[in-house]
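What follows is a short report on a single structure.
The values are calculated or read from the model by the stated rules, or taken from the named source; none is laboratory data. Worth saying up front: this structure is predicted, and the values here are computed from it rather than measured. Note: ideal-geometry Cβ built from the backbone for every residue, glycine included; neighbour counts use all protein chains shown. In case anyone asks, the SASA skips ligands and DNA or RNA and just uses the protein heavy atoms, side chains included. Shrake-Rupley method; radii C 1.70, N 1.55, O 1.52, S 1.80 Å.
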Amino acid sequence: MDVDATAASDEDLAKAVQSVAVGTAKIVQYKKNGTTKTAALIFRMDPTAERADGVDYFADNRENVISSAKYKDFRTEMKAYAATLAKSFNKSAVRACDPKKFDEVK
């Protein structure tokens, strides 16, 4: 199966990836977003090919891909939730839990 690298938002990066033969690694120079000179080490592989260790490439990386794709949304949601928790803290309880006072308790 050939992944459609032309769907990438950076056409020059897509061309750089396509210039590397499947199963090989190569240092490629291209212009990132058409303007910035960039060098990248690209290792191109066939994601459907059977791996030597027998692990399914897609199953092995599914969680990482989903996490990366939704990281910004997750972080925004967690910050909002943390802000609601911060409002409900009992400040006197937090002050009572000062680590410096732990030695005083016997």
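Ratio to report: Rg/Rh of the chain, with Cα atoms as the point set and Rh obtained by the Kirkwood method; give two decimals. All intermediate terms of the calculation are to be shown ahead of the outcome.
Working: Rg = 24.2 Å, Rh = 18.9 Å.
That ratio is 1.28, to two decimals.
Whenever you get a sec, line up TYR30, TYR57, TYR71 from highest to lowest accessible area (probe 1.4 Å, protein heavy atoms). All intermediate terms of the calculation are to be shown ahead of the outcome.
Numbers: TYR30 35, TYR57 75, TYR71 120 Å².
Highest to lowest solvent-accessible surface, that is TYR71, TYR57, TYR30.
When the chain is treated as a GNM, springs tying every alpha-carbon pair under 10 Å, which of SER19, SER67, SER92 comes out with the largest mean-square fluctuation?
Looking only at SER19, SER67, SER92, the largest GNM fluctuation is found for SER92.
Of the lysine pairs in segment 10-106, how many meet both conditions: Cα atoms under 21 Å apart, and a spacing of 8 or more in sequence or different chains?
10
Roll a 1.4 Å probe over the protein heavy atoms and report the accessible area of ASP56 in Å², nearest 10.
In the full protein context, ASP56 sits at about 90 Å².
Based on the Cα gyration tensor of segment 53-106, what are the three equivalent ellipsoid semi-axes, each the root of five times an eigenvalue, rounded to whole Å and given largest first? Before the final figure, lay out each step's value.
Numbers: eigenvalues 345, 76, 7 Å².
Sorted largest first and rounded, they come to 42, 20, 6 Å.
Which whole-number value in Å² is the accessible area per residue of the chain, probe 1.4 Å? Intermediate values should be presented prior to the final figure.
Values: 9270 Å² over 106 residues.
Heavy-atom SASA per residue in the chain reads 87 Å².
Go ahead and estimate [θ] at 222 nm for the chain from helices alone: -39,500 (n - 2.57) per DSSP H run with n ≥ 4, summed, over the residue count, rounded to 500.
Working: 4 runs with 44 residues, N = 106.
Calculated at 222 nm, the ellipticity per residue is -12500 deg cm²/dmol.
For the chain, modelled as a Gaussian network with Cα springs under 10 Å, which listed residue fluctuates most, PHE58, PHE74, PHE89?
PHE89
In terms of modelled amide H atoms, which long-range or inter-chain residues lie less than 5 Å from the amide H of MET45?
Close amide H contacts, sequence-distant or interchain: GLY23.
Which residue, ASN90, ALA21, TYR57, has the largest displacement toward the positive end of the dipole of the chain when charges sit on each Cβ (Lys, Arg +1; Asp, Glu -1)?
Value computed over the given set: ASN90.
For ILE27, ILE66, give the ranking by accessible area with the largest first, probe 1.4 Å.
Details: ILE27 125, ILE66 80 Å².
Listed by decreasing accessible area, they come as ILE27, ILE66.
DSSP H helices in the chain with Cα extent of 18 Å or more along the helix axis and mean Kyte-Doolittle hydropathy at least 0.0?
none
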